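Structure, as structure tokens:
Please treat every number below as a calculation from the coordinates, not as lab data. Note that the coordinates shown come from a computational prediction; the quantities given were computed from them, not determined experimentally. Positions of Cβ are generated from backbone atoms using ideal geometry, with glycine treated the same way; all protein chains shown enter the neighbour counts.
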């Protein structure tokens, strides 16, 4: 079942200080509907939801943003590839996109992974990054910063809702891989009373951003796993869950 057209879309604007010509939004799951795991504003076509409904949701989102073209949806692969957008691309395989074009909107989908939105203080470039634990370990934060034509301390970064440190259990091998890659990541893990390890995705990203010279980092610390009525969560609900979108674009001054 798709979102009723007479209801406002479940969309928020991230709370962070960005240039006047930069726009960003993040979506919620919308009103939960009994018997429908994807209710009611799923934006992922790859999760076995009815394609017609998802397409309508995407069209409604595009119209609400007042942008000339539909956002560039990615085929996300939990890697580090970040593309520069152009109008000819159709569902490219990547986990991030960037643009300096006023006609293009960057967008990524999440349901526990960390959404990262970025711009520079001059408001001439934006990027949207999908950062799961694999992407963080492989260096997607480094790759994101490399896309910008400015020093790291001129970047403005927003870390969105993701699965929180009390709910993201990982195995000891993964933790060790992180620590061997960057020793400062050790503080992003904790162990519970029975010896299980848990990871703090936002802290992993923030630590690396700070190491690379980023000073302006803003966060929405809500946990997707815990806020059932607001967010989709793959870890909580399994394969029968939808996806939220996080978009950023430039408007002509």
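Shape class for the stretch 142-253, computed from the alpha carbon gyration tensor (a ≥ b ≥ c): oblate, with a/c not under 1.5 and a/b at or below b/c.
Calculated from the structure at hand, semi-axes √(5λ) of the Cα gyration tensor in Å is found among [x] 33, 21, 17; [y] 60, 21, 15; [z] 27, 24, 15 as [z]. For the pair residue 78 and residue 193, a Förster radius of 22 Å applied to the C-beta separation gives a FRET efficiency near 0.10, rounded to the nearest 0.05. If I model a spin label at residue 21 and residue 251 as a point 7 Å from the Cα along the Cα→Cβ vector, what separation in nanometres do I get? The answer from the label model is 1.3 nm.
Annotation for residue 177 and residue 89: the two label points, set 7 Å from Cα along the Cα-Cβ direction, are 2.5 nm apart.
Of all beta bridges that DSSP places with both ends in the chain, some 80 percent have antiparallel geometry.
Students often get this wrong: which residues of the stretch 83-127 have the backbone nitrogen under 15 Å from the point 7 angstrom along Cα-to-C-beta of residue 235? Once the point is set 7 Å along Cα→Cβ of residue 235, 110-115 turn out to lie under 15 Å by backbone N, inside the stretch 83-127.
Each of 66, 218, 46 was scored by other Cβ atoms within 10 Å of its Cβ. Arranged with the fewest first, they read 66, 46, 218.
From least to most packed, judged by other beta carbons within 10 angstrom and beginning with the fewest, 133, 197 follow the order 197, 133. Neighbour counting of Cβ atoms within 10 Å sorts the residues 221, 50, fewest neighbours leading, into 221, 50.
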